[in-house]
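To keep things clear, I will list the structure first and then write my remarks on it.
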Amino acid sequence: MTAVDDAAEIRGALARLRRTTGLPVAFGGLVEPGRQQVRISELSGTATPALSSLAVTAGNGLGGKALALARPCAVTDYSSSRQISHEYDGPVSAEGLRAVVAVPVVVRRRVRGVLYGALRAAQPLGDRVLGLAVQAARDVEQALVVREEAGELLAAARPQPGPDAASGAAWEQVREAHAALRALAPRIADPALRAELLQACSLLTAGPDPSAPVRLAPRELDVLACVAAGATNAVAARQLGVTAETVKAYLRSAMRKLGARTRGQAVVAARRAGWLP
């Protein structure tokens with residue numbers, strides 16, 4: 001996954017932040033690789049370009065404080081606040097901002113970006129607004145975690161070059177990654193990202209014959225992928241976020257469609273049909 005994808009998540013979160021809170025202005029950006037600063041790249045509701053491409057260093061200003069502390073920070077009147085330093089008063093004043101909240105986006109204990117929401121009046125933002133701003137950042141965090149996990153799983157699924165590339169161990173690695181990706185997909189709220197991940201899953205299989213009579217439902221395939229990776233019903237249920245009884249029901253259905261009498265036979269039949277790697 002790329003920085004362009006991450007920036008798109010920031011952009012979407014800013015639009016939601018304005019819509020849910022009623023704040024007229026929202027902006028934000030990502031932490032620049034290898035540097036302790038956020039580059040403001042996404043603007044929503046601004047009237048001037050004053051904040052565009054602004055580099056906010058850790059510890060400086062409101063966003064820099066949120067970046068350094070890895071927690072939300074807010075001020076009622078930016079220019080007169082004694083809680084922050086004032087390196088960025090010029091751009092903030094040029095945009096006419098007074099009350100501002102800055103919320104860090106924290107992924108795996110590392111700040112990856114900062115979201116801001118602002119008013120052009122000096123007044124307390126209130127707990128509701130602050131809570132919704134934090135929720136917008138949590139949404140971005142979840143999306144970035146899913147993207148990273150998907151990237152790691154896809155990387156793990158690619159057999160490494162060398163004499164063991166086609167070995168049974170390499171194929172088991174592919175199968176484990178395929179099962180993990182299938183289990184991860186239902187957690188993704190973004191339909192486009194979910195479809196992208198499922199498409200990546202399909203690259204790990206030969207693909208079913210379009211003329212074949214057997215058609216497995218997505219959840220049946222999810223369960224078979226877990227079983228193929230060695231998961232028990234209980235483990236598969238935990239990975240897929242369903243009950244063990246639900247796993248059994250999907251497995252029975254898949255076995256019936258594949259003409260299999262055991263779990264192992266179902267996995268073999270699914271592999272032969274191109275459903276599983």
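What follows is calculated from the coordinates using simple rules that are stated; it is not laboratory data. All values reported here derive from a predicted model rather than from experimental measurement. Virtual Cβ from ideal backbone geometry, glycine too; neighbours counted across all protein chains shown.
Just so you know, the Cα atoms of the stretch 93-136 work out to an Rg and Dmax of 11.9, 35 Å. Seen against the Cα atoms of the chain and their longest principal axis, helix 218-228 is set at about 70 degrees. Over the stretch 3-145, what is the mean sequence separation of C-alpha contacts under 8 Å (at least six apart), divided by residue count, expressed as relative contact order in percent? Relative contact order of the stretch 3-145: 25 percent. In this label model, V145 and T262 are separated by 3.9 nm, measuring between points 7 Å along each Cα→Cβ vector.
In the chain, the C-alpha radius of gyration followed by the widest Cα-Cα span (Dmax) gives 23.9, 74 angstrom.
With the cut-off at under 19 Å, measuring from each backbone N in the stretch 175-203 to a point 7 Å along the Cα-to-Cβ line of V235 picks out 175-185. Placing pseudo-labels 7 Å out from each Cα toward the beta carbon at Q123 and R82 gives an inter-label distance of 2.5 nm. Placing unit charges on the Cβ atoms only, positive for Lys and Arg and negative for Asp and Glu, gives the stretch 3-145 a dipole magnitude near 300 debye about its Cα centre.
Rounded to two decimal places and with Rh computed the Kirkwood way over Cα pairs, what is Rg over Rh for the stretch 1-94?
Radius of gyration over Kirkwood radius for the stretch 1-94 works out to 0.95.
How many nm separate the modelled label positions at E32 and L69, each set 7 Å beyond the Cα in the direction of the Cβ? Each label point is offset 7 Å from its Cα along the Cβ direction, giving 2.5 nm. The GNM of the chain, with springs linking C-alpha atoms under 10 angstrom apart, assigns the highest mean-square fluctuation among R261, R11, R215 to R261.
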